[in-house]
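Written out below as structure tokens is the structure these notes cover.
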Amino acid sequence: PMVLFWLVATLALVKVHKGGAPWWWIIAGVAIGLSGDSKYTAVFLGLGLFAWTLAEPGMRRWYGTRWTWLGLLAALLVTAPVLLWNAANDWPSLAMQTMRNGLGYSQLTSLLTYLNLIPQLTSPAILLLALIGLVRGPNRALLGLAVLPIILFLALFSQSDEVTLNSVWPIACWA
């Protein structure tokens with residue numbers, strides 16, 4: 001579900017960027033919230049899309065309207081039940097996500113495993129198309145900024161914990 005909602009949020013902001021109706025901001029917010037409900041690493045989607053909207057002059061102007069803020073409110077409302085439940089129960093979901101520390105690994109091996117697993121989890125054709133999109137695509141800035149936070153986080157994560165297929169699959173899915 002995280003990847004589906006990630007794509008819906010990205011599509012919604014591309015629609016806004018291309019002159020679509022402003023209510024696409026609300027769709028983006030709902031999709032970001034649902035993505036976060038399904039997997040916490042979706043926070044990096046929000047960070048990536050936020051970075052792109054700040055970097056893109058045509059998108060920055062939207063921060064002076066109510067639509068961007070309604071989208072943010074929609075994301076918070078959709079995510080609120082998950083956050084409230086976790087807060088009321090001492091954050092068990094986050095505690096579970098950080099229990100793998102100290103399993104014994106080599107930082108270099110872990111980083112190389114991370115870099116090696118990304119192309120292995122995607123088909124060569126899809127990975128090639130994604131790389132072409134990052135280099136020459138019409139929305140390469142959006143794509144690059146949308147995935148940069150999660151790529152950097154997982155690269156840093158590889159230096160403090162063992163890399164597994166589960167910690168790399170979000171990167172493979174965007175491709």
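Values in this text are rule-based calculations from the coordinates and carry no lab data. In this text, all values refer to a predicted model and were calculated from it rather than measured experimentally. Neighbour counts run over all protein chains shown; Cβ positions are idealised from the backbone, glycine included.
Quick rundown of the values:
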{"item": "Net charge contributed by nearby residues that have their C-beta within less than 15 Å of ALA31 (K/R +1, D/E -1)", "result": "+1"}
{"item": "Trypsin sites (Lys or Arg not before Pro) lying in DSSP loop within the stretch 1-78, provided at most 12 other Cβ fall within 10 Å", "result": "LYS18"}
{"item": "25 °C / 0.890 mPa s Stokes-Einstein diffusion coefficient of the stretch 9-108, Kirkwood radius on C-alpha pairs, µm²/s", "result": "163"}
{"item": "Selection of chymotrypsin sites (Phe, Trp or Tyr not before Pro), the stretch 1-109, meeting DSSP coil and at most 14 other Cβ within 10 Å", "result": "TRP23"}
{"item": "Cα gyration tensor shape for the stretch 1-60, rounded if a/c is under 1.5, else prolate or oblate", "result": "oblate"}
